[in-house]
Amino acid sequence: MDGAAVLVLMLSAITVFLVGVESQARTCYFGPPPEPDPDNPDHWMKQVMQEIRKRCPGRRNTTHASMGNPIPSTRWKPSPAGTEEPTAAGTEEPTPAGTEESTPATMEGPTSAGTKEPTAAKTEESTPAGKPTPTTKAECDSTEPLGMEDGTIQDSRISVPSIHGPCCRARAARLHNNKAWGPSSPANSWIEVDLVEGKVVSGVITQGFDEAYVTQYKVAYKTQPSSEYEHVRDGNGNVKVFTGNTDDHTPVTNQFDESVVATIVRIEPTAWDVWVALRLELLGCSLN
């Protein structure tokens, strides 16, 4: 085989290889190949293949930054300007008549929750003399869902500061629902449930949705609608940060170290995977 024929054969092999590369939607600049050696074509071909691997590395699947998870569905892309649904007074989302989602008068401050069986919670109310008086502790003989999943808690009693779109309203944040609440921006987001009357709250169940989920969160509560937010704390008196979900579908239950008596409960995500997407249930019992 003369030198010209060897060169044609080698260039044909390179062309076939690069066509295969292009079929995987990958392009690169190879540059001039090594000079052919008609007396040793096998060695020359090995050199060419080594250069191709060196200069055109194989394609890799893109993963979600720092999390090791594949890029999620496009649902959780940041909302383009002008496409978010407005919220009244910055705290509620529009819904059809009869399903307005109300908002408490003031919303502020993160809090947190614990991880043991409920026992009780201390709450204090100021007396006319200005001295705090602890209220009676409360505990549940047995805990039960307080009404997010079954609809006992009405849509109008679930409040959020923003929504990601029509898919992700506050009322969708019910455990095992076929949708979930998602905010327009995960940072500083929260969702709040108005229990109307005081309940003993002893824990929370959380669930993600559509490849997104909350990995850590805190819990805040009010003993009365007009009172300040308090924090659910751990056994050492520190604000408790819950460990939340590890996937988008498995419910995760966290019990407080001490139950609290609350009329309003707020969940505040502090860490998440992909986006904040939340379905939830509150656990506890009636004061009676």
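The values are calculated or read from the model by the stated rules, or taken from the named source; none is laboratory data. This structure is a prediction, so every number in the text was calculated from the model and none was measured. Because the Cβ atoms are built from the backbone with ideal geometry, glycine has one as well, and the counts that use them run over all protein chains shown.
Could you please find all residues in region 240-262 being crowded, with 17+ Cβ neighbours inside 10 Å and more than 19 Å from MET148 (Cα to Cα)?
Of everything in region 240-262, those that are crowded, with 17+ Cβ neighbours inside 10 Å and more than 19 Å from MET148 (Cα to Cα) turn out to be LYS240, VAL241, PHE242, ASP257, GLU258.
Might you let me know whether region 126-146 holds any residue that is at pLDDT 95 or above, within 16 Å of TYR221 (Cβ to Cβ) and of a type in the set (Gly, Ala, Ser)?
No, the conditions are met nowhere in region 126-146.
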